[in-house]
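J.: Following this message is one structure expressed as structure tokens.
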Amino acid sequence: MNDIVAALVLCVGIPIIFCVAIPFLVMAMLAASLEEKAPKAPNFRGTRVYNGLGIVWFVWLISFWIGAQFIEMLHMGQPYWVALIARLFPLIAGSCAFGLFDDWAGCNNTKGFKGHLKALAKGHLTTGGLKFLGIGFLSLFISISLFYHGAESIPRVILCTCVIALMANLMNLFDLRPGRAQKMYLVSLVFALAFIFVFGMVAVLGNWGLIALAIAALGPLIATWRFDLGEKGMLGDAGANSMGAFLGFLFAIALPDWALLVLAIALVAVNLLSEKVSFSKIIDNNTVLSFLDGLGRKKDINNEKSETEVSS
């Protein structure tokens, strides 16, 4: 019975309080300041809304850290899910910082892999280019720290780096309509957690640990859902890149090498395809996808603007 109580405290109570409730309350109280002071940008309707919801990932990280210290104070031992998220600090903090800088100081004239690479070839580093390089190196760093165990592990390190970095960029490509990126995050999170269970990572994490990880992962989503879907604010690159990097990390720890290879190839293909094809047009032209994409969103008065979607 004591074991069950301890598990409930460590793997349900702690993540609910520190990874969900506190970020939710902070973002609710911060909304007025963001509305007043944060830089604004036009959304797909042309309405100017503040661009700063992505800061929730900083709030989430700090609150998680406080929760981890609280667990130490209880002398109940550190659960593996806590150690796992703790290793994410450089990746998530860096992704959020690079994204926030691009949100608030970036120029929209240069977009996509091709645009940023062309600028770099001319000796000009764009804020988007800095974000690509920064998240790429952070992805490499965390992949090495997690999976490098000698020369034989190099292929997995490379695959994990690609999955994390490309997933971060992919989520940014979906942040073009209110709630779209968050819906993609929720669906992808379900798959990532299922893969953790199916491919055996749960043997290390434990069933309670998997529950804790799921609760913690939902924190930033719950904290910002109503503002994003309600068209009061935007996730921006800070939010989309952070949630994508987090998803990429989950897939990296969950999947075996062959599945990582398949996912990496798919991510490369989709990211390159985004340079030529509008995801919004594909979604709008599919009845089921269009219905799901529009769930909870304000009804359109004017036709939505569909363009080729490339990340900034």
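J.: For the stretch 243-276, give me each residue that is under 25 Å from Cys96 (Cα atoms), in a helix (DSSP H, G or I) and not aliphatic (A, V, I, L, M).
T.: Residues satisfying the conditions are Gly244, Phe246, Gly248, Phe249, Phe251, Asn271.
Per-residue answers, yes or no, for (1) surrounded by fewer than 20 Cβ atoms within 10 Å (Cβ to Cβ); (2) modelled with pLDDT of 95 or more; (3) touching an Asp or Glu at 6+ places or on another chain (Cβ under 8 Å); (4) not β-branched (Val, Ile, Thr):
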position	(1), (2), (3), (4)
Glu152	yes, no, no, yes
Thr161	no, yes, no, no
Leu166	no, yes, no, yes
Leu170	no, no, no, yes
Val187	yes, yes, no, no
Phe199	yes, no, no, yes
Leu213	no, yes, no, yes
Ala216	no, yes, no, yes
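J.: Of all residues in the stretch 1-27, which are free of Cβ contacts under 8 Å to residues at least 40 places away in the same chain and of a type outside the set (A, V, I, L, M, F, W, C)?
T.: First, pick out the residues of the stretch 1-27 that are free of Cβ contacts under 8 Å to residues at least 40 places away in the same chain: 1-5, 8, 13, 21, 25.
Listed by number, the residues that qualify are Asn2, Asp3, Gly13.
J.: Modelled with pLDDT under 90, among the hydrophobic types (A, V, I, L, M, F, W, C) and more than 15 Å from Pro256 (Cβ to Cβ) - does that describe any residue in the stretch 132-144? Working first, answer last.
T.: Keep residues of the stretch 132-144 that are modelled with pLDDT under 90, which gives 132.
Still in the running and among the hydrophobic types (A, V, I, L, M, F, W, C): 132.
With the extra rule that they be more than 15 Å from Pro256 (Cβ to Cβ), the set shrinks to 132.
Yes, there is a match, as at least one residue in the stretch 132-144 is modelled with pLDDT under 90, among the hydrophobic types (A, V, I, L, M, F, W, C) and more than 15 Å from Pro256 (Cβ to Cβ).
J.: Could you list, in sequence order, the residues of the stretch 246-265 that are within 18 Å of the chain's Cα centre (by Cα) and among the small types (Gly, Ala, Ser)?
T.: Gly248, Ala252, Ala254, Ala264
J.: Under the condition of being surrounded by 13 or more Cβ atoms within 10 Å (Cβ to Cβ) and among the aliphatic types (A, V, I, L, M), which residue from the stretch 283-304 is nearest to Gly136 (Cα to Cα)?
T.: It comes out as Ile283.
J.: Another question about this same structure. Under the condition of being small (Gly, Ala, Ser) and modelled with pLDDT under 90, which residue from the stretch 65-117 is farthest from Ala238 (Cα to Cα)?
T.: Gly77
J.: Taking the criterion of being in contact with a strand residue (DSSP E or B) (Cβ under 6 Å, 6 or more places away or on another chain) and modelled with pLDDT of 90 or more, would at least one residue in the stretch 251-261 satisfy it?
T.: No, that holds for no residue.
J.: Given the criteria small (Gly, Ala, Ser), at pLDDT 90 or above and over 24 Å from Ile135 (Cβ atoms), does Ala269 qualify? Don't jump to the end; show me each part of the working.
T.: On the way: small (Gly, Ala, Ser): yes; at pLDDT 90 or above: yes; over 24 Å from Ile135 (Cβ atoms): no.
For Ala269, the condition - small (Gly, Ala, Ser), at pLDDT 90 or above and over 24 Å from Ile135 (Cβ atoms) - is not met.
J.: Within the stretch 118-159, which residues are free of Cβ contacts under 8 Å to residues at least 12 places away in the same chain and of a type in the set (Gly, Ala, Ser)?
T.: Listed by number, the residues that qualify are Ala119, Ala121, Gly123, Gly150, Ala151, Ser153.
J.: Select from the stretch 148-183 the residues that are among the acidic types (Asp, Glu) and part of a loop (DSSP other than H, G, I, E, B) and list them in ascending order.
T.: Hit for the stretch 148-183 is Asp175, nothing else.
J.: Say we look at the stretch 229-249 and pick out the residues that are in contact with a helix residue (DSSP H, G or I) (Cβ under 9 Å, 6 or more places away or on another chain) and surrounded by fewer than 24 Cβ atoms within 10 Å (Cβ to Cβ); which of these is nearest to Ala93 (Cα to Cα)?
T.: Checking each candidate, the answer is Leu247.
J.: While we're here: Considering only the stretch 7-60, how many residues are loosely packed, with under 15 Cβ neighbours inside 10 Å and of a type in the set (Ser, Thr, Tyr)?
T.: 2
The values are calculated or read from the model by the stated rules, or taken from the named source; none is laboratory data. The shown structure was predicted, so the numbers you read here are calculated from the model rather than taken from an experiment. Every residue, glycine as well, gets a Cβ built from its backbone with ideal geometry; the counts of neighbours run over all protein chains shown.
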